[in-house]
Amino acid sequence: MDTFLQQIVNGLTLGSIYAIVALGYTMVYGIVQLINFAHGEVVMIGALTAYSVIVALTGAQVPLPAVAIVLVATMVAIPVCMAVGYTLERTAYRPLRRAPRLAPLITAIGLSIILQHLALIVWSRNPLPYPQIIHTVPYHLTGNPNGATITNVQIAIVVTSVAMMAGLVTLVYRTKLGIAMRAVAQNPSIAGLMGIDNNRVIALTFVIGAGLGAVAGVMVGSYYGIAHYQMGFLLGLKAFSAAVLGGIGNLAGAMLGGLLLGVIEALGAGYVGDLTNLCQLSGWFDALKVRCATDPNVTLFGSNYQDVFAFIVLILVLVFRPSGLLGERVSDRA
Amino acid sequence: MHPILDLRHRPAAALVGLALVAIVLVVLPFVLTGIGTFWVRITNLAILFCLLALGLNIVVGFAGLLDLGYIAFYAVGAYTYALLASPHFGLHLPFWVILPIGAAVACFFGVILGAPTLKLRGDYLAIVTLGFGEIIRIFLNNLAQPVNITNGPQGIARIDPFRIGDLSFSTTDSIAGLTFTGPMKYYYLLLVVLIAVIAINLRLQDSRIGRAWEAIREDEVAARAMGINTRNMKLLAFAMGASFGGISGGMFSAIQGFISPESFVLVESIMVLSMVVLGGMGNIWGVVIGAVLLSFAPEILRYTVEPAQRMMFGRTLLDPEVIRMLLFGLALVLMMLFRPAGILPSALRKRELETRRSAG
């Protein structure tokens, strides 16, 4: 029971990060029907920028509490990522908005390579240890002293994500910019006739998505304690899978998909080893009995297959329900 | 028809041109060996990349299905060869048995990937193929437990070279007074395979199948309305592309003698895609040029960028590998922005990209 609870907690933490990144994909897709392949790299730049700020501030012995330092780092990372997001939209996507589908996808791959290697030059080829300035405090969830815990960092990640999602929903459904975004998503030419500046709204969508990505980057960095110039690729792919799972173009879908994917991944990683342990079958095969006597864990798939789950989910969703879990509510696109 | 190969209208010029190209290609390894055997190896890798790019061109260029996990088929071919001809399992089958097996296994994986993704649109397809490529790599990395199949991240070493009777492709021999080193023998073999693959591709492009692919690429609904079985044709494109990848992978295994999952990362898929895009999607000669250019790029950079940096700054600031990747990225972006049809655009592709753009 404790393992299960622990995996759920881990999964929800990871899932809220995926959800925030998935929002970036889904907003852009909803408005211009384009997969912003380089979004994962924006998250990576956010994480690395925040890393530099934290290292600089702690190195200079600035008399600030740890939480304030992380906050400052995030505040620096957000505009940096927004600038990157805007540059991407302006240089690579806007000129190709009317080109065939393959063209913007290929430029996006190109940009992703460029961003990765620029980050390699600026930071380093090696994984950078994220300074653990926030003291991690575990809180027990059950009476068992060795049982499931939730840390203050995990609580902070989940709370921040929920707050950001709420903010985004308010922005899209309660402000003038949100109305404009939904209008452009539905019909760009009519929106233009109504006096909406399409280019501005699309650019702002990219910028908002990138801002969310920056926060997600800081969260990933602090959660895993490591930042790397290639970290954006896998994270981006998983977040994209989450967006597809929920129904791409749909805000609620991205959040649901992110949380679900996080939980699936955590449970998968936690249980796949036990489920595929061949020693359960040792009553049937003598060879297995001999081997299991010396080593009780003859597992077919261990937790090192964790990264496979997201792709399997992605493929299954695309095959059986291409519109995603909440995909049919087209009017909700933003 | 290509002007150099215009056999019908200018037969004499065409024959002389072909003869010149043939002589250059035959003499090339001797000249390169004079500079250093290293360069023959680079050339061999360039030819392998030509084969890969031609295989991917079937999927991306002819049928218009963006495949970002193409290197997975290369990996499947390479591992098939490595497992059947190395001390790892103690099997030592001859290469002419393994290569078809490798092609068949890769073909099988191509269909496995193709079947569930038939309904998907271009961008979704790209992401799924990318995921597929990653899945294959993760499995190669982890299939050392509980039964050691792939030997995990350590890879498989001491893979048998090609052997025909007593003639081994890995040793140096003298034939008719000329010294042939191992890489030189592989060069000639690869050249023959490349010419065969180019010929197959040229014939394929103008065949009924090739035209069906072109129709699907242009407008799938219209193609189906014209009676083309789009499902089978798309599967065929995946299967054929994958088989070419599998054969190239097998040869890569034999030439290198060692493979590990490191050789089959996503960047390699993107590199092959860059070759196809740079040369011109759908144009066979363009793809070959793109592959040759991009395979030699790192070596050229190594000999120009590094000394230039040392001269200017006194040390190597940027690794040529990093510069190469930056140039790759830049090439992809700039090609799409300014010359979306590639260096040598296929006539149809060019028309399509230009009219769609102006019509919007």
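Each reported figure results from applying straightforward, stated rules to the coordinates on display, with no laboratory input. Quick caveat, the model's predicted, so the values are computed rather than measured. FYI the Cβ positions are ideal-geometry reconstructions off the backbone, even for glycines, and counts take in every protein chain you see.
Key figures
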quantity	calculated
Average other protein chain Cβ within 10 Å of Cβ, residues A:28-36	1
Residue mean of other protein chain beta carbons inside 10 Å, B:15-23	0
Any cysteine of the protein assembly as shown lacking a neighbouring Cys Cβ under 4.7 Å - listed by number	A:81, B:50, B:107
GNM result for chain A, Cα springs below 10 Å: residue of A:28, A:159, A:137 fluctuating most strongly	A:137
Cβ-based net charge around residue A:306, under 11 Å, with every Lys or Arg adding one and every Asp or Glu removing one	-1
Sorted peptide list for A:149-156, B:56-63, criterion being average Cβ within 10 angstrom, highest first	B:56-63, A:149-156
Fluctuation leader among A:139, A:25, A:51 - chain A, Gaussian network, Cα springs under 10 angstrom	A:139
Cα-based convex hull volume of segment B:209-288 per residue, rounded to whole Å³	112 Å³
Rg to Rh, two decimals, where segment B:107-160 supplies the alpha carbon set and Rh follows Kirkwood	1.12
Shape metrics for segment B:129-206, restricted to C-alpha atoms - Rg then Dmax, Å	18.9, 52
Amide H partners (placed H, <5 Å) of residue B:180, local residues excluded	B:173, B:174, B:175
Sequence-distant residues sharing a close amide H with residue A:151 (under 5 Å, placed H)	A:139
Listed peptides B:200-206, B:266-272 by packing density, highest first (mean Cβ within 10 Å)	B:266-272, B:200-206
Geometric extent, Cα atoms of segment A:2-332 - Rg, Dmax (angstrom)	21.6, 77
Relative contact order (%) - criterion: Cα under 8 Å, at least six apart; region: chain B	27 percent
Coordinate range along principal axes, alpha carbons of segment A:130-197, Å, largest first	64, 28, 15
Burial ranking of peptide ranges A:30-36, B:136-142, B:300-306 (average Cβ count within 10 Å, highest at the top)	A:30-36, B:136-142, B:300-306
Cα-Cα separations in segment B:282-339 greater than 20 Å, expressed as whole percent	37 percent
222 nm mean residue ellipticity, helices alone, for chain A (DSSP H n ≥ 4; -39,500 (n - 2.57); rounded to 500)	-23500 deg cm²/dmol
Amide H contacts of residue A:299 (H built 1.01 Å from N, under 5 Å, at least 5 apart or other chain)	A:278
Charged-residue dipole, Cβ positions (Lys, Arg, Asp, Glu), chain A about Cα centre, Debye nearest 20	1020 debye
Global form of segment A:152-232, assessed from the alpha-carbon gyration tensor, a/c cut-off 1.5	oblate
HN-Hα J in Hz across segment A:89-96 - Karplus 6.51, -1.76, 1.60, θ = phi - 60°, x for Gly and Pro	4, 5, 8, 10, 9, 4, x, 9
About the Cα centre, charge dipole magnitude for segment B:233-324 (Lys/Arg +1, Asp/Glu -1 at Cβ), debye	140 debye
Pairwise label distance in nanometres, residue B:27 with residue B:196, each label 7 Å out on the Cα-Cβ vector	2.8 nm
Whole-Hz couplings from phi, Karplus 6.51/-1.76/1.60, listed for segment B:154-165; x for Gly and Pro	5, x, 10, 10, 6, 7, 4, x, 5, 8, 10, x
Karplus-derived HN-Hα couplings along segment A:107-112 (A = 6.51, B = -1.76, C = 1.60, θ = phi - 60°), whole Hz, x at Gly and Pro	4, 4, 4, x, 4, 4
Residue order, fewest to most beta carbons within 10 Å, for A:228, A:117, B:92	B:92, A:228, A:117
Net dipole in debye of segment B:38-266 [+1 Lys, Arg Cβ; -1 Asp, Glu Cβ; about Cα centre; nearest 20]	260 debye
Residue-averaged beta-carbon neighbours from other chains (10 angstrom radius) around A:307-319	4
Exposure proxy ranking, count of Cβ atoms within 10 Å, fewest first, for B:244, B:252	B:252, B:244
Under 20 Å from the Cα of residue A:238 - aspartates and glutamates, other chains or at least 8 residues apart	A:41, A:265, A:307, B:67, B:123, B:134
Whole-number percent relative contact order across chain A, with pairs defined as alpha carbons under 8 Å at least 6 apart	34 percent
Expected 222 nm ellipticity per residue - DSSP helices of 4 or more, -39500 (n - 2.57), all of chain B, to 500	-23500 deg cm²/dmol
Cα point-scatterer Debye curve for segment B:38-266, base-10 log of I(q)/I(0) at q = 0.14 Å⁻¹	-0.88
Segment B:147-303: proportion of alpha-carbon pairs further apart than 18 angstrom, %	72 percent
For the protein assembly as shown, convex hull of alpha carbons as volume per residue, Å³	206 Å³
Reach of residue B:119 by Cα under 19 Å, taken over lysines that are not fewer than 8 positions away in the same chain	B:234
Under the span-like rule (Cα at least 24 Å along the axis, Kyte-Doolittle mean at least -1.0), DSSP H helices of chain B	B:11-35, B:37-57, B:95-114, B:122-142, B:182-206, B:230-256, B:284-313, B:320-338
Residue among A:307, A:274, A:286 with the largest mean-square fluctuation in a Gaussian network model of chain A, springs linking Cα atoms under 10 Å	A:286
